[in-house]
Amino acid sequence: MHNGVIDIRSIKGWSSRLNFRKKLLILFIALILLPLSLQGAVTYRYFSSTMDDKTERYTIDLVRQINLNLDRALREMQRLSLMPVYDEKVLSILKKYDGTMGDADRASSEDYQKMKLYTSAQAYNREEIRGIHIVSNSGIFFSNVDAMDVPNVWDGRGDAWFDEVERSSGAWVLVPQHKPSYYLKPVAEPVISVARAIREPSTLERIGYIIIDMKLTAFRTILANLNFEPNAHLIIMDGNQRLLFETERQAGVSAYEALLQNGSSFHLNQTDRVTLHEVDYMLVQQHSSYSGVSVLGLIPTNMIQKESRQLGLFTMWFASLCVLVAVLLAIIVAYRLTRPLIRLKNRMILAEQGQFNQRITIEQQDELGQLGRGFNRMMEEIERLFKEVLLLGVREKEAELAALQSQIRPHFIYNTLESISMMAVRSGAMEASDMVSALGRLLRYTIDKADRLVPLREEMQFVRSYVQIQQMRYGERLRVEYDIEDGAEHILIPKLTIQPLVENAVFHGIDPKERGGQVWISALCLEEVLLITVRDDGAGLEDAEIAEWNARLRERTSTNSWKKGAGHGIGISNIYERISFIYGNQGDVTVDGSKGYGLTVTVTIPLT
């Protein structure tokens, strides 16, 4: 990847290195995974969106139903609060105890009894009502609650919420959660009250108050009949956003308080998304125009998406199972389809290595079967041609070697050289005698030996004789070092392998240098091959020329000669051809070096 862009060439290179079976397998898997993944993703997104919409609509309907039920309950409480206005007995009793709040002493027992019966009758069979209280202007307190639990006289000015009732001008007031001071015993939980001032119908003067205390269980009863999420929050507020009721706190956290701290704005009859204590909620709001009450539903987003996640999990597992089955089928199909091709490829590799007797069994009648039959016919023809060409090549090489070895056949040359050597000895010219003797050994090795392979020891004797003659010519300008590994002297190598390399090193590496140079000859056994190296410190060649020579050597053409002088050596190319002919791909000749640092020629001969 370069600057965020995928290198297309690297992808192509990677794909080109894959075999046909892997490519076919990848294609099958891609064709399976792509539509399956696309269909699963589209289905999941559609179902998830549909489920979210349905859950949102269901929650809105549920909150609206809660609001309607609350309106119904509050309408009933409002009706109860109006009943004293239409009862002459209640009005007459309240008129008797007019005065300043808190200044009354005590009402008569008869009045207490009448009011007790009246309030008890109103509260009869209403489990949601904690108490119904009627208070005169002077504070006389009438109630259906046991007389031991409430006072006879009560001063409402001590409770902050009572001021709102006084200022209501006869309209009903919904008082949020509070604990009234008129309960003499501790109240287990707050109450919600519906209260109003009672006015004399004819004069509209206030003569008292009615207070209806509702238990919080009234709200729980309303919710109990509705299928509301257990982990959801439900908040009921009055028109001033004061808390009337809230479902159970979870982990001690109040959703109402969190909303206030979060600074959330309440939009009537709308749906919104909020985050409280790092949890995402869907907020559904419904407002009652009758009571001014607002119902807020907070549904955790993860609850809304629960069914979507379940579907996603099911889809993932089902898709994984389908993919597993599909991959297994793809592997089986890919292997069955490519098995004949793999078998054909293996046979072709063996044929490439020279085993032309390869045949394959034909089982199919399709294109692969036709390809197999064509391969069998090709192998038969190649095997026939190979045998013909091999016999012809062997005969040609034998003739070439025989011609090289018999260029100077007459024996009189030996006798002449021996005579010259004896004359040189008699004349005291020992160097000339040694030179003639070395030349005789060269000719005898070249002419008399008819074997193709000779021990390395004999080849090195021939090389030393050649070097001896050249050192007589060049003197101290030519220096030669030998490094023959112990035990390598008995290894058979092709005749005339090392001397042509030494000749090239002398004439093309050492001769052009005014000060001469040095030649290193080494033979080393490494693992299962014999490495013969001839290196000089002459002028060398450019890297491009060396690469060209290595390439030209492997063309195995008669034109690949290594800068032969007139009649000097048989050339590196000829050595490479003979090595390849005798040892096949296991033998090799390589050229290495650099400009100004000499040249190195390495012959590789297998030991097995």
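Annotation: the residues S465, S37, sorted from fewest to most other C-beta atoms within 10 Å of their own C-beta, follow the order S37, S465.
Per-residue Cβ neighbour counts within 10 Å put E56, E503 in the sequence E56, E503, beginning with the fewest. In segment 475-606, the DSSP beta bridges split such that about 75 percent are antiparallel, to the nearest 5. Peptides 598-607, 113-122, ordered by how many other C-beta atoms sit within 10 Å of their residues on average, highest first, read 598-607, 113-122.
Residues within the reach of a label modelled at S594 (point 7 angstrom out along Cα to beta-carbon, backbone nitrogen below 18 Å), restricted to segment 504-542, are 535-542. Taking the fewest neighbouring Cβ atoms within 10 Å as the starting point, the ordered list for E476, E200 is E476, E200. Working from Cα pairs under 8 Å separated by at least six residues, relative contact order for segment 475-606 is 28 percent.
Placing a pseudo-label 7 Å from each Cα along the Cα-to-Cβ vector at L329 and S181 gives an inter-label distance of 8.3 nm.
Amide H contacts for L276 (H built 1.01 Å from N in the peptide plane; partners 5 or more residues away or on another chain; cut-off under 5 Å): Y281. Cross-linked pairs K114/K179; K116/K215; K89/K215: Cα-Cα separations exceed 23 Å for K114/K179; K89/K215. Note on segment 475-606: lysine pairs with Cα distance below 19 Å, sequence gap of 8 or more or different chains, count 5. For T271 and E528, the difference between the fully extended length at 0.36 nm per residue and the C-alpha to C-alpha distance is 84.1 nm.
Around the Cα centre of segment 87-219, unit charges on the Cβ atoms of Lys, Arg, Asp and Glu (plus for the first two, minus for the last two) sum to a dipole of about 140 debye. Stokes-Einstein diffusion for segment 475-606, with the hydrodynamic radius set to the Kirkwood value over Cα pairs and evaluated at 20 °C in a medium of 1.002 mPa s, equals 142 µm²/s. Would you mind checking segment 125-168 for residues with the amide N under 19 Å from a putative spin-label position 7 Å along Cα→C-beta of R220? It comes to 126-131, nothing else. Within segment 575-604, what residues put their amide N at less than 20 Å from the label point 7 Å along the Cα-to-Cβ vector of I484? Answer for segment 575-604: 601-604. One decimal place: the segment N231-D71 gains 55.1 nm when fully extended, by the rule 0.36 nm per residue minus the C-alpha distance.
Where a number appears in this text, it was derived from the coordinates with a stated rule and is not lab data. Predicted model, so just to flag it, every value in this text is computed and none were measured. Quick reminder, even Gly has a Cβ in these numbers, built from the backbone with ideal geometry, and neighbours come from all protein chains shown.
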